[in-house]
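What follows is a single structure, written as structure tokens, with notes after it.
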Amino acid sequence: MTATLPGKVYLVGAGPGDPDLLTLKAHRLLRRCDAVVYDSLVPREVLALVPATAERHFVGKRRGHHSVPQPSTNAVLVELAGRHRCVVRLKGGDPFLFGRGGEEAAHLARHGVPVEVVPGVTAGIAAPAYLGIPVTHRRAGSSVTFVTGHEEIDKARPSVDWRGLARSSDGLVIYMGLHNLAHICEELIAGGLDPATPAAAVQQGTVRGQRSVIAELGGLAREVRLAELASPAIVVIGEMVNQRVPACAPEPAAVEMPIPLRLG
């Protein structure tokens, strides 16, 4: 008797929130999956594509709130693949950009579970675009760096060298950076970045609830605090902010996202 092969897990990028930014492949898989495992940044309008008969498992992670540990998520994926042919692991943005998709893919492969990544539109490109900000521009330099701002500022050895980035990149796109924004801006200025460098912060880019601040680097943290912007948000720092073309910015989608998390 031939052993039953496990099902396949698809690591699917849900994009930044606007359902129209889903890839065709993501849409097709959501419509036919047997189970979906999703995180906190997936709007219900996207989840509505999933068949009513499919199992649903929430494994969200949000700073300061109860989160499902990564090993538990890994175990759920392996278990579901043993019972279903098509399992979608639905992750906000792109699975391989600050989404732990690489860890999940490696875990599944170690357990003999077939796995395939389905890239998604990342918020670091889409959120600025919905303000008309191009993250690269010939007049704004030749490099852009995508970096996470989500780490404790009192770590003995921080993994992000902000002062080094101030000298090595023409532009920065920062994910999960609002909590540490004042510290980040101070470090970038200490590293040699001009306090007058143009910058922007975008809350819940591409969807209802999108709000933004455009300011100079030296005053960005203050302006964000005064505007009461909240996570999830993207911060953009560099000359590309000055290349903004508001006329090309799409209208945010009228979809419901999870409630933003206020600072402090």
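No lab work stands behind these numbers, since they all come straight from the coordinates. Fair warning: this is a prediction, and the values are worked out from it, not measured in the lab. All Cβ positions, even for glycine, are placed from backbone atoms using ideal geometry, and neighbour counts span all protein chains on display.
Mind checking the log10 I(q)/I(0) for the chain at q = 0.11, 0.12 Å⁻¹? Debye, one equal scatterer per Cα, no solvent, two decimals.
With no solvent term, the Cα-only Debye profile gives -0.63, -0.74.
Could you run the Karplus curve 6.51 cos²θ - 1.76 cosθ + 1.60 with θ = phi - 60° over region 113-129 and give me ³J(HN,Hα) per residue in whole Hz, x for Gly and Pro?
So the Karplus estimates, Gly and Pro as x, are 8, x, 9, 9, 8, 10, x, x, 6, 8, 5, x, 9, 6, 4, x, 4 Hz.
On a 0 to 90° scale, report how tilted helix 181-190 is relative to the longest principal axis of the chain, with both axes built from alpha carbons and the result rounded to the nearest 10.
Taking Cα atoms only, the helix is inclined about 50 degrees.
Between the alpha-carbon centers of region 58-117 and region 234-251, tell me the distance in whole angstrom.
33
Going by a ≥ b ≥ c, the root eigenvalues of the Cα gyration tensor, does region 8-121 fall in the rounded group (a/c under 1.5), the prolate group (a/b larger than b/c) or the oblate group?
rounded
Show me 179-185, 231-237 ranked by packing, highest mean number of other Cβ atoms within 10 Å first. Provide the component values of the computation, followed by the final result.
Values: 179-185: 20.9, 231-237: 26.9.
Order by mean packing, descending: 231-237, 179-185.
So what's the back-of-envelope 222 nm ellipticity for the chain, counting only DSSP H runs of four-plus at -39500 (n - 2.57) apiece and dividing by all residues, rounded to 500?
-7500 deg cm²/dmol
What angle, in degrees between 0 and 90 and rounded to the nearest 10, separates the Cα long axis of helix 217-227 from the longest principal axis of the Cα atoms of the chain?
60
Work out from phi, with θ = phi - 60° and the Karplus expression 6.51 cos²θ - 1.76 cosθ + 1.60, the ³J(HN,Hα) of each residue of region 206-213, listed in order in whole Hz, and give x for Gly and Pro.
5, 10, 3, x, 4, 9, 8, 9
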